[in-house]
Amino acid sequence: MKKFLIIDDHVVVRSGIKGLLAELYQPSITEEAFDGESALASLKHNFYDLVLLDIQMPNTDALGLMEYFIIKFPDLKVLVFSLSPADVYAKRFLKAGAKGFISKDAPLQELKTAITRVLNSGRYISSDLAEALAMTENQQKENNIFNRLSAREFEIANLLLEGNNLSSIANSLHLRVSTIGTHKARIFEKLNIKNLLQLKDLAVSYRF
């Protein structure tokens, strides 16, 4: 028997999904929560094969809730089901541990497909969303300031970030210390920084 939890503050939405799940999975049990607090109360006492999560609910930090789910219930399968723009929110929730992201505007058959795929330990994002995420990823790569570095400079920047000094980098790369110093100066010039602390800050900003 499958057991589901719907987390959504709209009664009509919960009722509609509940009817769909009852139709798709017999026998099954579907329980409801209307915000983060009621969702956590249900999860503390029950195991669910699948959770359908809306991300715009009163008094609820949905992203924080998603992150908490994965910490406390690492095997939990969560499918985000929301009217919020996927190109803005999907990447954040998928990174936080959601197994899929689907719009409430999606056709019924697509919702069925998403539920089935996540239940079977897969992941689900629509083809349109996959394309949008790929475009965003490519734009981020194009705008990444570290792409200004040559292959050797990129390597040395990594070694500097790992805490290596010029002498140890020179030894590991079989180069002169003066050569490493020249590369370091070029790295700082290309990235428009003046010290290692700024290099570390940039690395964090660009997830380098």
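The values are calculated or read from the model by the stated rules, or taken from the named source; none is laboratory data. The structure presented is a predicted model; accordingly, all values stated were derived computationally and were not measured. All Cβ positions, glycine included, derive from the backbone under ideal geometry; neighbour counts span all protein chains shown. Side chains are part of the model used for accessible areas, which takes the heavy atoms of the whole protein and leaves out ligands, DNA and RNA. Shrake-Rupley method; radii C 1.70, N 1.55, O 1.52, S 1.80 Å.
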Taking LEU65, is it touching a strand residue (DSSP E or B) at 6+ places or on another chain (Cβ under 9 Å) and more than 21 Å from ALA22 (Cα to Cα)? yes
Helices (runs of 4 or more DSSP H) enclosed by the range 146-208 - at least 2 residues per element that are in contact with a His (Cβ under 9 Å, 6 or more places away or on another chain): 151-161
Being among the charged types (D, E, K, R) and open to solvent by 10 Å² or more (accessible area, probe 1.4 Å) is the filter here; which residues of the range 51-88 pass it? ASP61, GLU67, LYS72, ASP75, LYS77, ASP87
All but one of (1) more than 19 Å from GLY36 (Cα to Cα); (2) within 14 Å of the chain's Cα centre (by Cα) hold for ARG117, so report the exception by its number. (2)
So in the range 175-200, with the set limited to residues that are without any contact (Cβ under 8 Å) to a residue 24 or more places away in the chain and open to solvent by less than 30 Å² (accessible area, probe 1.4 Å), which one is farthest from ILE145 (Cα to Cα)? GLY181
When you scan the range 169-191, how many residues do you find that are of a type in the set (S, T, N, Q) and out of contact with any helix residue (DSSP H, G or I) (no Cβ under 8 Å at 6 or more places or on another chain)? 3
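Of the residues ILE29, ILE6, only one is surrounded by fewer than 17 Cβ atoms within 10 Å (Cβ to Cβ), at pLDDT 95 or above and within 15 Å of LEU119 (Cα to Cα); which?
On inspection, the qualifying residue turns out to be ILE29.
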Can you find a residue that is open to solvent by 70 Å² or more (accessible area, probe 1.4 Å), without any contact (Cβ under 8 Å) to a residue 12 or more places away in the chain, within 23 Å of PRO85 (Cα to Cα) and among the hydrophobic types (A, V, I, L, M, F, W, C) anywhere in the range 32-50? no
Starting from residues that are of a type outside the set (Val, Ile, Thr), free of Cβ contacts under 8 Å to residues at least 24 places away in the same chain and in contact with a Lys or Arg (Cβ under 9 Å, 6 or more places away or on another chain), keep the ones in the range 151-174 and report whichever is least open to solvent (accessible area, probe 1.4 Å). ALA170
